[in-house]
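Asker: Below is one structure. I have some questions about it.
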Amino acid sequence: MNTFPLLGLCIGQVAPLGPRGVASGIVKHQVHQALMLSSLGLEGDAQGDTIKHGGPEKAVHHYPFEHYGAWREDLGEHDLLMAPGAFGENLSTMRLTEDVVAIGDVFALGAAVVEVSQGRQPCWRLNERFGRKTMSREVQNTGRTGWYYRVRQEGLVKPEDTLILLDRKAPEWTIQRIWKTFYVDTFNLKELKAITELPWLAEGWRSYASRRLESGRVEDWGRRLDGTELASRQ
């Protein structure tokens with residue numbers, strides 16, 4: 001089947017997050033009305049750090065709802081895992097996961113059309129959100145990251161809409177495959193080179209692979225995952 005009903009359509013405004021009160025839009029709540037989806041995202045949605053979050057290549061974040069069950073097994077019962085929105089996602093569905101979804105997949109969503117652009121790189125805001133200092137590392141290590149869409153056609157989206165698969169440009173390049181190269185098999189030069197040449201992948205991620213090839217080393221993930229960049233500013 002190529003149709004995937006929405007379980008949640010979620011947005012959030014910038015607000016203080018966690019004990020340090022960091023400005024963030026990661027807290028998302030389900031809505032029950034139609035929203036306009038533009039090239040920069042859903043009407044009423046916002047990001048606290050517009051340099052590293054949001055923008056045309058990360059206009060919409062999708063997170064599989066079946067991961068919630070896996071997180072409950074890992075973390076135990078948690079209030080945030082009762083409904084979509086815990087991971088800052090805009091879209092929640094079942095039966096679409098990182099081992100299936102690929103770069104360049106195109107979906108109709110209501111009157112809009114979206115295209116998979118990249119996976120999610122988790123950051124320390126997840127630690128603040130869950131009150132768990134290792135949460136971002138756990139998301140990265142498990143590969144339960146979710147992914148982003150760019151908007152190919154703007155249009156109205158309703159909570160009762162269904163994602164409909166229209167086209168697959170590179171079905172072999174799943175989100176999971178790129179995750180494995182970036183975070184597990186980190187010096188697979190053949191895979192890294194192929195990633196740099198994948199036209200439907202966001203430029204930021206192609207550059208990420210290029211920099212690793214050029215430098216011959218894996219990046220320091222500590223600032224992104226642990227929030228040391230935040231501590232250095234305080």
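The values are calculated or read from the model by the stated rules, or taken from the named source; none is laboratory data. Just so you know, these numbers come straight off a predicted model, no measurement behind them. Every residue, glycine as well, gets a Cβ built from its backbone with ideal geometry; the counts of neighbours run over all protein chains shown. Accessible surface areas use protein heavy atoms only, side chains included; no ligands, DNA or RNA. Shrake-Rupley method; radii C 1.70, N 1.55, O 1.52, S 1.80 Å.
Asker: If you rank L7, L166 by how much accessible surface each has, with a 1.4 Å probe, what is the order from largest down?
Answerer: Numbers: L7 80, L166 100 Å².
The residues order as L166, L7, largest area first.
Asker: Ok, one more. Ignoring everything but the protein chains, give the 1.4 Å probe accessible area of H29 in square angstrom, nearest 10.
Answerer: The value for H29 is about 120 Å².
Asker: Still on this model: Where does the stretch 1-135 land on Rg(C-alpha)/(2.2 N^0.38 Å)?
Answerer: Cα-based Rg divided by the globular estimate yields 1.03.
Asker: Another one. Which percent of Cα-Cα pairs in the stretch 11-60 sits in each 10 Å bin, short to long?
Answerer: 26, 52, 20, 1
Asker: What residue among A209, A102, P171 has its Cα farthest toward the positive end of the dipole of the chain, where the charges are +1 on Lys, Arg and -1 on Asp, Glu, each on the Cβ?
Answerer: Farthest towards the positive pole: A209.
Asker: Between the stretch 163-234 and the stretch 23-70, how many Å separate their Cα centres?
Answerer: When both Cα centres are located, 20 Å separates them.
Asker: Under a Cβ-only charge scheme (Lys and Arg +1, Asp and Glu -1), can you give me the dipole magnitude of the chain about the Cα centre, in debye to the nearest 20? Each step should come with its number before you reach the end.
Answerer: Details: 29 positive and 30 negative charges, 117 e Å.
It works out to roughly 560 debye.
Asker: So if we plug the beta-carbon distance of K193 and L165 into 1/(1 + (r/R0)^6) with R0 = 35 Å, what FRET efficiency do we get, rounded to 0.05?
Answerer: Efficiency, rounded to the nearest 0.05: 0.75.
Asker: Protein chains only, probe 1.4 Å: how do R224, R132, R152 rank by accessible area, largest first?
Answerer: Working: R224 45, R132 90, R152 140 Å².
Largest to smallest exposure gives the sequence R152, R132, R224.
Asker: Now for a separate question. FRET efficiency for R223 and V184, Cβ-Cβ distance as r, R0 = 25 Å, nearest 0.05?
Answerer: Numbers: r = 20 Å, r/R0 = 0.82.
Using R0 = 25 Å, I get an efficiency of 0.75.
Asker: For the chain, just the Cα set please: Rg and Dmax, both in angstrom.
Answerer: When restricted to Cα atoms, the chain yields Rg and Dmax of 17.0, 50 Å.
Asker: Please compute the per residue accessible area over the chain with all protein chains in place, 1.4 Å probe, rounded to a whole number of Å².
Answerer: 45
Asker: If you stretched the chain out fully between Q13 and E214, how much longer would it get, using 0.36 nm times the residue separation minus the C-alpha to C-alpha distance?
Answerer: Length gained, Q13 through E214: 68.5 nm.
Asker: If you split all Cα-Cα distances of the stretch 82-178 into 10 Å bins from zero, what percentages do you get per bin, shortest first?
Answerer: 15, 44, 32, 9
Asker: Would you work out the Kirkwood radius for the stretch 102-234? I mean one over the mean of 1/r across all pairs of different Cα atoms, in Å.
Answerer: About 16.3 Å for the stretch 102-234.
Asker: Additional query: Convert each backbone phi in the stretch 15-20 into a coupling constant with the Karplus relation 6.51 cos²θ - 1.76 cosθ + 1.60 (shift: θ = phi - 60°), then list the ³J(HN,Hα) values in order as whole Hz, x for Gly and Pro.
Answerer: 8, x, 10, x, x, 8
Asker: What part of the accessible area of the chain, given as a whole %, is carbon or sulfur when the probe is 1.4 angstrom? Present the calculation step by step, with values, prior to reporting the outcome.
Answerer: On the way: 5560 of 10620 Å².
Its accessible area is 52 percent carbon and sulfur atoms.
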